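Asks: The following block contains the structure, expressed as structure tokens.
The values are calculated or read from the model by the stated rules, or taken from the named source; none is laboratory data. Computed from a predicted structure; not experimentally measured. Cβ: placed from backbone, ideal geometry, glycine included. Neighbour counts: every protein chain shown.
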Amino acid sequence: MEVQNGRPDSEAKGEGDSLVMPPPCVKNPYLNATSSNYLDLFGDRRSKLAGFSPTIGGDGLSRYRTDFYEIEQIGLGHFGRVFKVLKRIDGCLYAVKCNIQPFRNDMERMRGLMEVQALAALGSHENIVGYYTSWFENDQLYIQMELCDQSLTVNGAKALQFMHEHGIAHMDVKPENIYIKNDIYKLGDFGCATLTDRTLLVEEGDKRYMPLEMLNDKCEHPDKVDIFSLGATIYELVKGSPLPRSGPQFSHLREGKISLLPGYSVQFQSLLKAMIDPDPKKRPSAKEIIGHSIFEKTSRNTTHTLHINRVLQVNRDGVQIEVDLRNYGS
């Protein structure tokens with residue numbers, strides 16, 4: 001048997017099997033890697049990205065169906081669905097996300113990969129949903145992640161601080177994308193993530209939580225977009241009613257005008273107003289939010305405890321989300 005490039009001829013030519021090409025190496029834009037070995041992998045970008053048509057293999061088996069038992073759908077958005085699954089080989093529960101519509105071209109596939117790349121680049125953090133692996137199957141991208149319950153707390157700012165320190169902005173902070181596991185809150189769904197230096201495409205998330213500069217296509221501070229979105233999310237849940245998509249209240253929020261919140265301290269409401277300030281430069285950073293005195297008091301179990309102890313039901317895209325309000329400083 002002849003050997004070509006260190007491989008048996010039968011393997012090189014794929015004797016007895018259809019030739020299966022693996023997906024190309026794709027540079028992760030969220031990683032600041034300068035190693036020559038790393039850069040050499042992507043020297044010929046054009047050839048490596050040409051004909052980007054990833055496949056699961058020549059046998060036609062579904063990796064998702066083979067590896068996982070689907071229990072139920074737990075999330076639904078405009079672009080993707082999330083399922084609670086049991087991995088057959090280890091018996092553990094996970095969340096698997098996949099896009100609803102199959103990718104139609106290389107550009108859509110590359111855009112889909114950005115969520116995976118952002119998660120992988122960030123690595124492990126207690127306030128970021130854990131990432132395990134991902135794969136393409138029938139022109140859909142599957143992402144295996146840590147399984148969490150859905151909920152929200154001000155501690156979402158810890159996740160934003162971690163992201164922003166790594167030069168990444170989330171760009172779609174909202175109740176559905178903040179989760180809880182073992183009393184630890186985690187930020188998930190990185191489908192709109194971009195770089196804070198604006199060297200990557202900036203895409204608008206859910207407009208109900210977007211500041212005016214995003215709606216006007218004038219985003220100069222992506223990290224401060226996240227701060228506005230977190231503030232709008234907290235305001236919605238504390239107020240107890242969904243944010244509007246248009247109208248006077250929609251405009252008032254983007255002007256920094258919010259209703260008084262009975263039972264919450266002046267300090268808490270002032271912080272909330274600062275987070276949604278029309279001027280992104282005046283919004284506090286995630287680090288400044290975490291260091292605010294009201295949260296220091298909360299951590300010492302003193303005066304700042306929540307007056308509202310309930311679960312708010314928020315209906316989003318046909319999925320009912322339970323939002324635990326017990327961890328808000330008041």
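Asks: T303 - would you say it is modelled with pLDDT under 50, out of contact with any strand residue (DSSP E or B) (no Cβ under 8 Å at 6 or more places or on another chain) and not in a loop (DSSP other than H, G, I, E, B)? Write out each step before concluding.
Replies: On the way: modelled with pLDDT under 50: yes; out of contact with any strand residue (DSSP E or B) (no Cβ under 8 Å at 6 or more places or on another chain): yes; not in a loop (DSSP other than H, G, I, E, B): no.
The answer is no for T303.
Asks: With within 23 Å of the chain's Cα centre (by Cα), assigned by TED's automatic domain parsing to the domain that holds G188 and surrounded by fewer than 18 Cβ atoms within 10 Å (Cβ to Cβ) as the only criterion, which of K287, K273, K257 stands out? Walk me through it before giving the result.
Replies: Details: K273 fails: within 23 Å of the chain's Cα centre (by Cα); K257 fails: within 23 Å of the chain's Cα centre (by Cα).
None of the other options fit; the residue is K287.
Asks: Let me ask you something else. For the range 256-298, enumerate the residues that are under 17 Å from F228 (Cα atoms), among the hydrophobic types (A, V, I, L, M, F, W, C) and assigned to a helix (DSSP H, G or I). Full working, then the answer.
Replies: Of all residues in the range 256-298, those under 17 Å from F228 (Cα atoms) come to 256-259, 268-290, 292.
Right, trim to among the hydrophobic types (A, V, I, L, M, F, W, C) and you get 258, 268, 271-272, 274-276, 286, 289-290.
If the condition is that a residue be under 17 Å from F228 (Cα atoms), among the hydrophobic types (A, V, I, L, M, F, W, C) and assigned to a helix (DSSP H, G or I), then F268, L271, L272, A274, M275, A286, I289, I290 are the ones that fit.
Asks: Still on this structure, please answer the following. Considering every residue within the range 240-255, establish whether at least one is farther than 25 Å from E176 by Cβ, in contact with a helix residue (DSSP H, G or I) (Cβ under 7 Å, 6 or more places away or on another chain) and in a helix (DSSP H, G or I).
Replies: No: the range 240-255 contains no residue that is farther than 25 Å from E176 by Cβ, in contact with a helix residue (DSSP H, G or I) (Cβ under 7 Å, 6 or more places away or on another chain) and in a helix (DSSP H, G or I).
Asks: So, Y209, is that one farther than 19 Å from N177 by Cβ and surrounded by 15 or more Cβ atoms within 10 Å (Cβ to Cβ) or not? Outline the logic, then answer.
Replies: Values: farther than 19 Å from N177 by Cβ: no; surrounded by 15 or more Cβ atoms within 10 Å (Cβ to Cβ): yes.
It is false that Y209 is farther than 19 Å from N177 by Cβ and surrounded by 15 or more Cβ atoms within 10 Å (Cβ to Cβ).
Asks: Within the range 136-179, count every residue that is surrounded by fewer than 19 Cβ atoms within 10 Å (Cβ to Cβ) and modelled with pLDDT under 80.
Replies: 1
Asks: Tally up the residues in the range 184-223 that are within 16 Å of K174 (Cβ to Cβ) and among the charged types (D, E, K, R), please.
Replies: Residues flagged as within 16 Å of K174 (Cβ to Cβ) and among the charged types (D, E, K, R) within the range 184-223 amount to 7.
Asks: May I pose another question? Residue under question is D206, and the condition is that it be at pLDDT 95 or above and among the acidic types (D, E); does it hold? Don't jump to the end; show me each part of the working.
Replies: Details: at pLDDT 95 or above: no; among the acidic types (D, E): yes.
Criteria not met by D206.
Asks: Has the range 239-249 got any residue that is touching a residue at least 12 places away in the same chain (Cβ under 8 Å), more than 17 Å from D206 (Cα to Cα) and under 26 Å from the mean Cα position of the chain (by Cα)? Give the steps one after another, and end with the answer.
Replies: Step one: filter the range 239-249 for residues touching a residue at least 12 places away in the same chain (Cβ under 8 Å), giving 239-240, 242-245.
Checking which are more than 17 Å from D206 (Cα to Cα) leaves us with 239-240.
Now restrict to residues that are under 26 Å from the mean Cα position of the chain (by Cα): 239-240.
Scanning the range 239-249, I find at least one residue that is touching a residue at least 12 places away in the same chain (Cβ under 8 Å), more than 17 Å from D206 (Cα to Cα) and under 26 Å from the mean Cα position of the chain (by Cα), so the answer is yes.
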